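Structure record follows, encoded as structure tokens.
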Amino acid sequence: MHIPDGFLDTKTAVAAAGLAVAGVGFAVRQVQQQVHPRQVPLMGVAGAFVFAAQMLNFPVAGGTSGHLIGAVLASVLLGPSAAVIVLTAVLIVQSLLFADGGILALGANVLNMGVIGCSAGYWIYRAVRRIFRGDRGRFLAIGFASWCSTVIASVFCSAELAWSGVVTWSTVFPVMTNIHMIIGAGEGVITMLVVAAIWRVRPELLDEWGGKKSLHGYREPVVYGLLIAIGLVLFVLPFASRLPDGLARALATIGFSPGTTTDPSPMAGYQIPGIGSPVVATVVAGVVGTLLVFLLAFLLAKSIVRTPES
């Protein structure tokens, strides 16, 4: 669902960027009030894991692939505001270094997948949790919220494309929504599986973000989380689907193709220049990206989170 450059007109890109800046700014203020400095490394490793997971496209119906967005996963672990910061770090690295999402469309992508994906997904999760209690209720809420988050983000993406005049709303909305309803099911299953794995080994990480969390012993989950993210890139990425993603398939279905542009990203298409094997080049680019996202998310969090007064 990463919108490339050439899809949005100026007014839409500027409006989306303005809303994204406002949303990220609000998230920064919330993180300053709610996140303890000891949780900063968790934001870094969450960013690394989301970046790695987003590279692992899985096949869905109709010759299309999807990938994890990770908005609800990050929100459940960190709270929605911290998750917005994490997704923003992921999208910045993807856009600037890998041409995964346009630079001029970065605001729209942050708005759709970061601000809206995290916020809407988390509050849907909380609403379902009020109805269905216990551990089963938790996983039901996570799966449903993940599905909703994906579909809602696709609706906003459709609206931006329609407002830009590249396609009509009546054309793009049903195609995008139908595809992402299927992709959202995959998002829900993957998110539930990841949360279930975390719940088995470190259930305290799944406490409500506004409640009392353990502020000790985060070194182990950070180290193992980063190793798992790198392991996904090394051992799972070579088997990821190469089919077009939901946005590409939807636009191809309705016959829209943007003009060709030259992208200055140094590792465009997740390829390292000079490496002959495309698979090896992608894996190396994935490892580099995973480490860079960890560093960026960590540094952003560290610069935002306030140290408590002694």
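Counting only residues that are closer than 18 Å to Ile179 by Cα, modelled with pLDDT of 95 or more and among the aromatic types (Phe, Trp, Tyr), how many does the range 46-83 have?
Going through the range 46-83 one residue at a time, the tally reaches 0.
Applying the selection to the range 192-223, what residues are among the charged types (D, E, K, R), more than 13 Å from Pro41 (Cβ to Cβ) and either modelled with pLDDT of 85 or more or in a helix (DSSP H, G or I) (or both)?
The answer is Arg200, Glu204.
Of all residues in the range 148-179 being touching a Ser or Thr at 6+ places or on another chain (Cβ under 8 Å) and among the aliphatic types (A, V, I, L, M), which is farthest from Ile69 (Cα to Cα)?
The residue in question is Ala162.
Considering only residues that are in a loop (DSSP other than H, G, I, E, B) and under 19 Å from the mean Cα position of the chain (by Cα), look in the range 267-304 and name the one that is farthest from Ala99 (Cα to Cα).
Tyr270
For the range 283-310, how many residues are among the β-branched types (Val, Ile, Thr) and either more than 18 Å from Leu232 (Cβ to Cβ) or modelled with pLDDT under 95 (or both)?
The total comes to 3.
Select from the range 94-119 the residues that are aliphatic (A, V, I, L, M) and surrounded by fewer than 22 Cβ atoms within 10 Å (Cβ to Cβ) and list them in ascending order.
Leu96, Leu97, Ile103, Leu104
If you check Val166, Val151, which single one turns out to be at negative phi and not in a helix (DSSP H, G or I)?
On the way: Val151 fails: not in a helix (DSSP H, G or I).
Being at negative phi and not in a helix (DSSP H, G or I) holds for just one of Val166, Val151, which is Val166.
Among the residues of the range 271-310, which ones are surrounded by 16 or more Cβ atoms within 10 Å (Cβ to Cβ) and free of Cβ contacts under 8 Å to residues at least 12 places away in the same chain?
The one that is surrounded by 16 or more Cβ atoms within 10 Å (Cβ to Cβ) and free of Cβ contacts under 8 Å to residues at least 12 places away in the same chain: Ala281.
Consider Ser154 carefully, then state whether it is under 26 Å from Ala15 (Cα atoms), in contact (Cβ under 8 Å) with a residue 60 or more places away in the chain and under 18 Å from the mean Cα position of the chain (by Cα). Let's see the steps before the verdict.
Values: under 26 Å from Ala15 (Cα atoms): yes; in contact (Cβ under 8 Å) with a residue 60 or more places away in the chain: yes; under 18 Å from the mean Cα position of the chain (by Cα): yes.
When the stated conditions are applied, Ser154 passes them.
Answer yes if at least one residue in the range 25-45 is among the polar types (S, T, N, Q), under 30 Å from Thr253 (Cα atoms) and either more than 13 Å from the chain's Cα centre (by Cα) or at pLDDT 90 or above (or both), and no otherwise.
Taking every residue of the range 25-45 in turn, none turns out to be among the polar types (S, T, N, Q), under 30 Å from Thr253 (Cα atoms) and either more than 13 Å from the chain's Cα centre (by Cα) or at pLDDT 90 or above (or both).
The values are calculated or read from the model by the stated rules, or taken from the named source; none is laboratory data. Everything numeric in this text was worked out from a predicted model, so none of it was measured. Positions of Cβ are generated from backbone atoms using ideal geometry, with glycine treated the same way; all protein chains shown enter the neighbour counts.
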